[in-house]
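**Q** The structure follows.
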Amino acid sequence: MAEAAAQPGKQGEERGGYRVRATWQAISHLPLENFPLILPHVHPVAAFFILRRLKHRGFSDCKVVTTAKGLVVHAQR
């Protein structure tokens, strides 16, 4: 039983409806072409990092809305 606890989770593992891989992709490789942008299975903690990245890229009027299915990102240049 200790061996099973020591093994890392599968890549893209779902935790509470959110996926670790989807959250990491949203933080590190967010597409900046079209808004509103729907990000399914992304954890709400990613909203802070998404907003920070958008502001550094010159976007204004940015907001991230949390839904039951993930995040919705709104931004304007």
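The values are calculated or read from the model by the stated rules, or taken from the named source; none is laboratory data. Since the model is a prediction, treat every value here as computed from it, not as a measurement. Heads up, the Cβs are rebuilt from the backbone with ideal geometry, glycines too, and the neighbour counts pull from every protein chain shown.
**Q** Just to be sure before I move on: is Leu71 surrounded by 14 or more Cβ atoms within 10 Å (Cβ to Cβ), of a type in the set (A, V, I, L, M, F, W, C) and in a loop (DSSP other than H, G, I, E, B) in the structure I sent? Give the derivation first.
**A** Numbers: surrounded by 14 or more Cβ atoms within 10 Å (Cβ to Cβ): yes; of a type in the set (A, V, I, L, M, F, W, C): yes; in a loop (DSSP other than H, G, I, E, B): no.
So Leu71 fails the test.
**Q** Moving on. Can you give me the number of residues within the range 23-53 that are without any contact (Cβ under 8 Å) to a residue 40 or more places away in the chain, assigned to a helix (DSSP H, G or I) and either among the aliphatic types (A, V, I, L, M) or surrounded by fewer than 14 Cβ atoms within 10 Å (Cβ to Cβ) (or both)?
**A** Summing the residues that are without any contact (Cβ under 8 Å) to a residue 40 or more places away in the chain, assigned to a helix (DSSP H, G or I) and either among the aliphatic types (A, V, I, L, M) or surrounded by fewer than 14 Cβ atoms within 10 Å (Cβ to Cβ) (or both) in the range 23-53 gives 8.
**Q** Now, a different point. Take the range 29-41 and flag every residue that is at pLDDT 90 or above and under 9 Å from the mean Cα position of the chain (by Cα).
**A** Leu39, Pro40, His41
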